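J.: Once you've had a glance at the structure underneath, I'll fire off some questions.
Nothing in this text is a laboratory measurement; each read-out follows from the coordinates by a stated rule. Just so you know, these numbers come straight off a predicted model, no measurement behind them. With ideal geometry, Cβ positions are generated from the backbone for all residues, glycine too; neighbour counts draw on all protein chains shown.
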Amino acid sequence: MATPTPDPDSREAKAARIAANPASYKVCEGCDSIVGSGVVLCPNCHSYRFDATPESVRRQALALGSREQTSVTAGDLS
Ligand SMILES: [Zn+2]
């Protein structure tokens with residue numbers, strides 16, 4: 001059987017990258033999505049208000065990454 005290899009483009013992998021380097025990202029205050037620190041307008045909701053606090057970015061990244069992981073883990077444990 002195939003070993004589940006982490007996809008570098010998966011939500012979880014992206015979350016890990018963001019959490020490791022929160023200074024390069026910020027969280028949109030309009031829709032809670034994570035964008036690059038150089039983005040002026042959110043591509044999702046066109047908000048221009050962002051939370052660039054590293055702690056906020058890391059927490060949001062982990063929240064997004066664990067959302068997908070939770071469903072997989074729940075199935076594995078039963
Ligand atoms: Zn947004």
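J.: Just to be sure before I move on: is Pro54 more than 16 Å from Ser66 (Cα to Cα), more than 9 Å from the ligand (Cβ to nearest atom) and touching a Pro at 6+ places or on another chain (Cβ under 6 Å) in the structure I sent?
T.: So Pro54 fits the description; yes.
J.: Give the stretch 1-30 a look and list any residue that's surrounded by 12 or more Cβ atoms within 10 Å (Cβ to Cβ) and part of a loop (DSSP other than H, G, I, E, B), or say none.
T.: Scanning the stretch 1-30 gives Ser10, Asn21, Glu29, Gly30.
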